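What follows is a short report on a single structure.
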Amino acid sequence: MDGPSQPERVQQRQRRDRDLVKGAALLLSTDRPLPHLYDEFVSLLAQFVDASIVLILAPERESLQCVYAYLDGVGGVPDNPGVPHESTSARVYREADARLYARAHEWNATNYLRLGERIREPESAIFVPILFGGRSIGVLSVQSTQSAAYDGDDLALLETCALYLGARMHSDLGRRDAERFERLAHVDELTAIPNRRNFEETFEREATRARRIGRRLALLMIDVDLFKEFNDRYGHIAGDACLQQIAATIAQALRRPTDLAARYGGEEFVVLLPETELSGALGVAELLRASIAALGIPHGGSTLGMVSVSIGCASGMPRGNTERQQLVEAADAALYRAKHAGRNRVAAEHPINVGPSVERKSAFDGVPVFSGRFIERTEDIRRLTVAIERSALVSLIGTAGIGKTRTAIEAIQRLLHRFPDGAWFVDLAGCADERDTEASIVEGLAPLVRPGSSMRECVRAFQRSRGLLLLDACDRAPRAVASCIDLLLDGAPEMRIVATARTALGVLGEAPLRLERLGQHASEQLFSSRFEETVREPLDVALLEAQLPSLHGHPLAIELTANYLGALPADLRSRGGRVGVEDVASVRNAATNAHVDRTLERVFKRCYMALDEDRRRVLRRVSMLAGVWSATAAHALCRSEVPDCEATMEALDELVRRGLLRKQAFGERTRYRVVDALRAPAHDALAQAGEVAMVAIRYREYYEELAASMTARFRREPSTRLISLLNDESSNIRVVLQMLLAEGEFERAALLLDGLRAWTWERGALHLQTQLGRLEEAEPRFIACGKRAEAAFSLAMAGVIVRNDPSRASAYARTAYDLYEELGDRIRTSYALNAFLASDYIATGTTSLEWERALKNAIAVAEEHGEATLVVDLMHRLGVLYTQQREVKSLGKAMECFTSCIDRLEANGDRERAARHYGSSADVAFYSGDVADAIARVRRAIAIYEQSDEVWSIAIQYMNLTVYAAFAHDFVTARVALAKTFDYASRFDDALVQSSGFDTAIHLAALSGKHREAAILTGYADASRGERSARQTRDQILLDRTLADVRKTVSTEEFDRLYERGLSLSPAEADALARSL
């Protein structure tokens, strides 16, 4: 039978093309997410062309990625989504030109994509660019295992489908960008109130309206008092929470829909009050001040004991940009007046004095400790202090070892009283390259700004700071440092910056000040002082006169020479100590670092040659180590030549005595550091010995072995001890990770991260933050290494970002959990489950009951593997899950979990972590009805915390003890505990203690028969909380029961009257009333 004629075939093809295009257009026009449509899109294609293999590619992270693959009947993201630059897909994407291939040899068909176990080897293919607006935004490819499966009509048909796909892809991308930019453009991300841009737009609009209707416009500038000290004391998480509470309080206090509250920058807020005279603005400002004070957020750095704000008010009818700026400046000037009048005040033309004055503290933390007294450099100190007062940026420059850091510190310490916001020290000596500089500065300011913040966010935090910042050792990446300084000076005009470097940084407005060598008198003083500290006998004048001329007044060279001579026998010392001088020339490296001062280089080599070979070996090899490091790390670099670690430690201590190394104590741990000015000549000696490659291998292997040993060590040692140990080694861990990433050793990098998984989860957000960008860029490479490497990477990323982005951390941890579960790796699945549930709890505040079985299984696996720390963490997660259920049976299960945690931790000597679980178990005991057990458990927690000076935890536990003792009618204990609650709370800031402390006072008042006081405190407590901080359900139920008894005793009418009185109490009055109980 004859087939269809040629015209019929043409018509059939046209109908086919029309049906496919129509179906594709309808499908892609739906509102469903595009990734959910890919399977249906492929099914549609398969009805009209051979679509045994379909690929959709799009640019992600600046490279072409396969976002969807259909292989052998299954669709999804391939295991290896990366597309090589030389591939056919990449060429089609770049050139925006379609390709048709009949056989595999015509095109590069060797880059086969994998989807699970599925991999297909295509023979023929079509590649068409996905275009929008004439620009290539992706590639669509259909491929067949048969040769010559496609023709020109198929190519034209796919090009048409690709047009509809491109329109949808562009629409989705545009919608996502528009939503994100709209949100970022008008709302502050942290506080969820309008941002500065929103304020500026509203200010301009309301100023125009004010002129038109002839009414005044009022402006309030609000600044959180001593917020830098608050953030320094309690950390960025508490600081963020504080700003969020203040923002919510301001927004809730404004009554009119036309009023606007916005975050102006850092810890500063602005309020716009249309149609408001100055008197009305002052009233609103006082309401805001009192409302924020009523929050009672504790602040140990303030003499008030709590967070307060200062507010400046201004009112006018601005007629243009200039007058709008004048109104802002007037409010800002009033704010400045309120600050200097004692803070916690409202100021305008007539200041309103509220509350006691507050004494500002200055701080200069984190500076290095120097041995020996400072040899007075009077003129240098004078020149530097004058320069700091006159210039926003002073660069103290000079050769290595000239004393820049110590001189800067001495000068700044004498100027602290002139900087009301304090001074900060940031050491950039460990900054690996320009890429790390910004993150290193932010990390150095971690107590003041959130770890992981951008430099611009850091600038916003310092926007109104009148403090001083010392950036030390800026030579590693001077251009990057200069860029960061530019941002700081532009955004924080009241700040002063001192930078130490060998040469000027080239920043506009910089005042370079060169530190010269010591004069004759100062050189003699320094030499004599260091020599006599070593020898404990007077210095021979002849020896001094013989040595000083060749040292040219170089401070470090003088110290090294004095130590060197002091270590020599007396007879050799009298001859000038010419030991090994004839050998000095033989160790000269022709590639000597040009930045090293020749005097210092000569002295170093003299000291180096005076050492025996064992000590030389140790000195030159430890120059490879970064930051601080242990004797064990040093021994790892010398293990083949030095018999044991004790011998290495003896060599290290001798090098410290000679001034060639520095030694630091961290509690019971001893760590060492290479003197920064001597690192280059020591490394030159390493190169001269031909040991650089060998030591680099040992260096990397040691930290890989250290990481691999952590799993076993966490089984037998307290986790807090191991976390501290790894914190000390963080600089070198970062360097080794960077080496592995740079060398493309992604599988070894994954093994390193896997071994450090417990530490990464605890401290990744701080210590690996500088590697975040590199890790994100390397994600496809980790994924390409297989599921195990991807899982290790995902778990590490969860730890790195959990404090800044818990939702994203939760997603990474869930990925790790799913991958490890798929791999059948039960112990690592358990680690990932703990990370997932912890990050998810931070993000959502809850843990679903559906995870109960998984947690129990994970605990059993951790038990089986002897992972004691993991068992405790998982049991804690399970206990939290049960505590959320308020049934008696669930509380009993929670008690079993917390008690088991306590037993395990105490058996392992980890008492501080055990105290946390004593507190949790006490709460469970109380709500289970066993008050006596609750009191015993909370007393145990307090005893442990008081030994470790955990102030926040002590306050929480005394607060709980107040409630437990009151319900046991032990009012003497309850009153003492309440007083201690407020005493400890005054030393720090935490919303939980402040908002709950007065609830405990209500229980004590009601149960001890002081019902009127209970009613008054209830009014104050509710006003303090507002709607932004609801009590937990069980706490609210308990308080409702207590207050029901109070209402019965005093009558509802009297209770309401007393409650209203409590609403107007000041914080000081409420504190006094609570303490009187």
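The values are calculated or read from the model by the stated rules, or taken from the named source; none is laboratory data. The model shown is predicted, which means the values in this text are computed figures rather than measured ones. All Cβ positions, even for glycine, are placed from backbone atoms using ideal geometry, and neighbour counts span all protein chains on display.
Restricting 258, 276 to residues that are surrounded by 22 or more Cβ atoms within 10 Å (Cβ to Cβ) and of a type outside the set (A, V, I, L, M, F, W, C) narrows the list to 276.
All conditions but one from (1) within 39 Å of the chain's Cα centre (by Cα); (2) at pLDDT below 85; (3) surrounded by fewer than 18 Cβ atoms within 10 Å (Cβ to Cβ) apply to residue 74; the one that does not is (1).
Considering the conditions (1) in contact with a strand residue (DSSP E or B) (Cβ under 9 Å, 6 or more places away or on another chain); (2) farther than 20 Å from residue 401 by Cβ; (3) surrounded by fewer than 21 Cβ atoms within 10 Å (Cβ to Cβ), residue 652 is excluded by exactly one of them, (3). Among the candidates 795, 874, the residue that is in a helix (DSSP H, G or I), in contact (Cβ under 8 Å) with a residue 40 or more places away in the chain and either in contact with a Ser or Thr (Cβ under 7 Å, 6 or more places away or on another chain) or not hydrophobic (A, V, I, L, M, F, W, C) (or both) is uniquely 874. Only residues that are outside any loop (DSSP other than H, G, I, E, B), of a type in the set (Gly, Ala, Ser) and surrounded by fewer than 24 Cβ atoms within 10 Å (Cβ to Cβ): list them for the stretch 462-511, please. Passing the criteria: 480, 482, 483, 491, 501, 511.
Listed here are the residues, each with its yes/no results for (1) farther than 29 Å from residue 924 by Cα; (2) without any contact (Cβ under 8 Å) to a residue 24 or more places away in the chain.
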position: 807; (1), (2): no, no
position: 818; (1), (2): yes, yes
position: 825; (1), (2): yes, no
position: 835; (1), (2): no, no
position: 851; (1), (2): no, no
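Screening the stretch 1013-1077 for helices (runs of 4 or more DSSP H) wholly inside it with 3 or more residues that are at pLDDT 85 or above, acidic (Asp, Glu) and surrounded by 12 or more Cβ atoms within 10 Å (Cβ to Cβ) returns the ranges 1052-1063. Inside the stretch 827-846, can you point out the residues that are over 11 Å from residue 870 (Cβ atoms) and charged (D, E, K, R)? 840 - this is the single residue of the stretch 827-846 that is over 11 Å from residue 870 (Cβ atoms) and charged (D, E, K, R). Name the one entry in 620, 671, 662, 657 that is more than 26 Å from residue 707 (Cα to Cα) and either surrounded by fewer than 16 Cβ atoms within 10 Å (Cβ to Cβ) or not hydroxyl-bearing (Ser, Thr, Tyr) (or both). After applying the criteria, what remains is 657.
Only one of the numbered conditions (1) buried (at least 17 other Cβ atoms within 10 Å of the Cβ); (2) part of a helix (DSSP H, G or I) is violated by residue 803, and that is (2). Selection of the stretch 233-255 for residues being surrounded by fewer than 19 Cβ atoms within 10 Å (Cβ to Cβ) and over 25 Å from the mean Cα position of the chain (by Cα) yields 252, 253, 254, 255. Only one of the numbered conditions (1) at negative phi; (2) assigned to a loop (DSSP other than H, G, I, E, B); (3) of a type in the set (Gly, Ala, Ser) is not met by residue 279, and that is (2). Close Cβ contacts (under 9 Å, 6 or more residues apart or on different chains) running from residues in the stretch 258-274 that are outside the structural domain of residue 193 (by TED's automatic domain parsing) to residues that are in a strand (DSSP E or B) are absent.
Does residue 648 satisfy being part of a helix (DSSP H, G or I), within 35 Å of the chain's Cα centre (by Cα) and among the polar types (S, T, N, Q)?
Here the answer is no, as residue 648 does not meet what is asked.
Pairs meeting the criteria (first residue in the stretch 630-655 and within 25 Å of residue 568 (Cβ to Cβ), second residue at pLDDT 85 or above and small (Gly, Ala, Ser), beta carbons under 8 Å, at least 6 apart or on different chains) are 642/651; 648/631; 648/634; 649/631; 652/631; 652/634.
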